[in-house]
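Undergrad: Got a structure for you, questions after.
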Amino acid sequence: METVLYAKGLTVKLNGKIIIEDINLEIRKGEIIAIVGPNGGGKTTLIKSCLGLVKPCRGYVEVLGLKPTEVIKTGKIGYLPQKSETPTHFPFSALDIVMFGLTNTKLTRKEKIERARQYISYVGMKGFENYPYSRLSGGQQQRISIARVLVSEPEIVFLDEPSTGIDVVAQESFYDFLKKIRDEKGVTVVMVSHDVGVVGKFVDKVAGLNRFLHYYGSPKDFFQKHVLQKLYGSDIELIIHSPECVACEHFHADFKGKM
Ligand SMILES: Nc1ncnc2c1ncn2[C@@H]1O[C@H](COP(=O)(O)OP(=O)(O)OP(=O)(O)O)[C@@H](O)[C@H]1O
């Protein structure tokens, strides 16, 4: 499968402090990747470096074979920033928000409306086109924001904590939804997440980041005590839930018979 993101020795310094260091990463077309790790571990910084919003002091990253500052101009990448960075109190409808995603395209206004309506329906929000965005629930706002990111039909999307504001039950269907997008549109999804357990069930690979990339591989092998301790620090306590617990499914699979 074709490589869509390649980072080599990627190191970013902000205000004189190294935030991410010597990151080597290869992501292939159609993969769903979750970047996980402790607060302040550099997850958002890694995404921002892929978008050309912060510059590396060493090493490099290429997206779709181009420098971030070049690829961003092609319209082939989509970005959903952290919810806290997205203003919600403005007088726009759901349709307006999705149409913002088409600002840099050559479509006519009529075509833009049509495409935006298609994507609103695609994210399961048909009927909410004229509803004020600010009055939607957190989960509905996220769906509309995802529609805004997808409407220009990017090849790779970067989602920073996309399940914020969505309750745990709805999160499962949200991740199923991301899988559906990947399957139907072939889009590569790189997301930051705190929901380590839930995410493990849905993604192809986990990137465990805490300044260094401590782990990059299958979710199954991620749920091992030594990997988690290396990433989150040696004081981490592993809380083992019941065997039915989704979050512990991989952990149980690995540790069955060893405890
Ligand atoms: N513009 C900046 N200037 C200086 N330091 C910054 C800047 N942006 C982020 N940092 C610092 O870089 C570190 C990593 O931040 P980043 O937001 O990338 O981490 P994160 O893993 O996404 O965190 P969280 O899980 O809390 O969202 C933090 O210590 C943060 O204070």
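Undergrad: With the checklist (1) in contact (Cβ under 8 Å) with a residue 60 or more places away in the chain; (2) under 13 Å from ILE181 (Cβ atoms) in hand, flag the one item VAL123 doesn't pass.
TA: Of (1) in contact (Cβ under 8 Å) with a residue 60 or more places away in the chain; (2) under 13 Å from ILE181 (Cβ atoms), only one is false for VAL123: (1).
Undergrad: For segment 30-62, give me each residue that is within 16 Å of the ligand (Cβ to nearest atom), touching a residue at least 24 places away in the same chain (Cβ under 8 Å), under 25 Å from VAL196 (Cα atoms) and in a loop (DSSP other than H, G, I, E, B).
TA: Result: GLY37, PRO38, GLY41, GLY42, LEU51.
Undergrad: On to the next question. What residue, among those in segment 176-233 that are of a type in the set (Lys, Arg) and farther than 28 Å from ALA147 by Cα, is farthest from the chain's Cα centre (by Cα)?
TA: Start the filter on segment 176-233 by keeping residues that are of a type in the set (Lys, Arg), which leaves 179-180, 182, 185, 201, 205, 211, 220, 225, 230.
The next check asks that each one be farther than 28 Å from ALA147 by Cα; those that pass are 211, 220, 225, 230.
Values: ARG211: 18, LYS220: 19, LYS225: 25, LYS230: 23 Å.
Result: LYS225.
Undergrad: Then there is this: Return yes when ASP160 is at pLDDT 85 or above, within 16 Å of the ligand (Cβ to nearest atom) and in contact with a helix residue (DSSP H, G or I) (Cβ under 9 Å, 6 or more places away or on another chain) and no when it is not.
TA: When the stated conditions are applied, ASP160 passes them.
Undergrad: For segment 77-87, indicate whether the set of residues that are away from the ligand (no atom under 16 Å from the Cβ) and charged (D, E, K, R) is non-empty.
TA: No: zero hits.
Undergrad: Related question: Can you find even one residue in segment 28-47 that is among the hydrophobic types (A, V, I, L, M, F, W, C), under 13 Å from ILE156 (Cα atoms) and over 15 Å from the mean Cα position of the chain (by Cα)?
TA: Taking every residue of segment 28-47 in turn, none turns out to be among the hydrophobic types (A, V, I, L, M, F, W, C), under 13 Å from ILE156 (Cα atoms) and over 15 Å from the mean Cα position of the chain (by Cα).
Undergrad: Something else: Tell me whether segment 121-128 contains one or more residues that are hydrophobic (A, V, I, L, M, F, W, C) and in contact with a Leu (Cβ under 6 Å, 6 or more places away or on another chain).
TA: no
Undergrad: While we're on this one: Taking THR74, is it touching a Leu at 6+ places or on another chain (Cβ under 9 Å), without any contact (Cβ under 8 Å) to a residue 12 or more places away in the chain and either on the phi < 0 side of the Ramachandran plot or buried (at least 21 other Cβ atoms within 10 Å of the Cβ) (or both)? Walk me through it before giving the result.
TA: Working: touching a Leu at 6+ places or on another chain (Cβ under 9 Å): yes; without any contact (Cβ under 8 Å) to a residue 12 or more places away in the chain: yes; either on the phi < 0 side of the Ramachandran plot or buried (at least 21 other Cβ atoms within 10 Å of the Cβ) (or both): yes.
Answer is yes for this residue.
Undergrad: Any idea which of ILE27, ILE23 is within 16 Å of the ligand (Cβ to nearest atom) and not in a helix (DSSP H, G or I)?
TA: ILE23
The values are calculated or read from the model by the stated rules, or taken from the named source; none is laboratory data. If you're wondering where the values come from, they're calculated on a predicted model, not measured in any experiment. Every residue, glycine among them, receives a Cβ derived from its backbone with ideal geometry; neighbour counts consider all protein chains shown.
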